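The values are calculated or read from the model by the stated rules, or taken from the named source; none is laboratory data. This is a predicted model, so every value here is computed, not measured. Backbone-built Cβ (ideal geometry, glycine too); neighbour counts: all protein chains shown. The protein model used for the area step is the full one, side chains on, heavy atoms only, and it has no ligands, DNA or RNA in it. Shrake-Rupley method; radii C 1.70, N 1.55, O 1.52, S 1.80 Å.
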Amino acid sequence: MTTQLRRTRSFAVLEQLADVVRTPPSRRGVEPKTGDPSEALTAGPSPRLPVAALIDRAPRTTAYCAVTTVDGRGRLADRSPLRVLGWPPLSRVSIDTVKGELIIIRRCDGADIITGQGHVRLPARVRHLCRLEPGGRVLVTAFPTHDVLAVYTDSALDAMLHVYHEVLRDESRISG
């Protein structure tokens, strides 16, 4: 829609509202009344707008999520998921991939290590396997109850959201 068309529509709506205000009360179906202002007719209840039906709230989760970038060396910029898990810098971790998802667990014999500054550094083999490039964004989810960190690539999120929306569409057909 062009800017000119939007302005024209906006002005048309304003003109309609102004016409309502300009119309004398007697022509709007309101009897003019003189005398004490405290006895003036008050407008009846205003028409109510439709209210959206509330959905049931999803159960509260203990998972902590953050969207962050991967730098040229494979470091995840956001360190907050590690703080939620209580993993200090220089902790040994094990980084594995499961169907496009990176799973990181803290292990004393882990092959990888959290940097001294407290960043997770994804090794080159993992970045290449998941097709992560510098500047790419990932969803990092900390699961404190399981002491696990999961890293989801955009392609993994796309696949999960696709399935999620398919289920929603199917459920709306059943209930609708």
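Summary table
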item: Residue satisfying all of: in the stretch 124-143; at negative phi and in a loop (DSSP other than H, G, I, E, B); surrounded by the most Cβ atoms within 10 Å (Cβ to Cβ) among these; result: 130
item: Residues of the stretch 81-108 satisfying the condition of being surrounded by 14 or more Cβ atoms within 10 Å (Cβ to Cβ) and assigned to a helix (DSSP H, G or I); result: 81, 82, 84, 85
item: The stretch 49-75 residues that are modelled with pLDDT of 75 or more and of a type outside the set (A, V, I, L, M), paired with ones that are open to solvent by 80 Å² or more (accessible area, probe 1.4 Å) and assigned to a strand (DSSP E or B) (beta carbon under 9 Å, 6 or more apart); result: 68/137; 69/137; 73/121; 74/121; 75/121
item: Selection count where residues are farther than 13 Å from residue 122 by Cβ, open to solvent by 50 Å² or more (accessible area, probe 1.4 Å) and in a loop (DSSP other than H, G, I, E, B), scope the stretch 55-77; result: 8
item: Among residues of the stretch 109-123, those that are β-branched (Val, Ile, Thr) and open to solvent by 20 Å² or more (accessible area, probe 1.4 Å), counted; result: 2
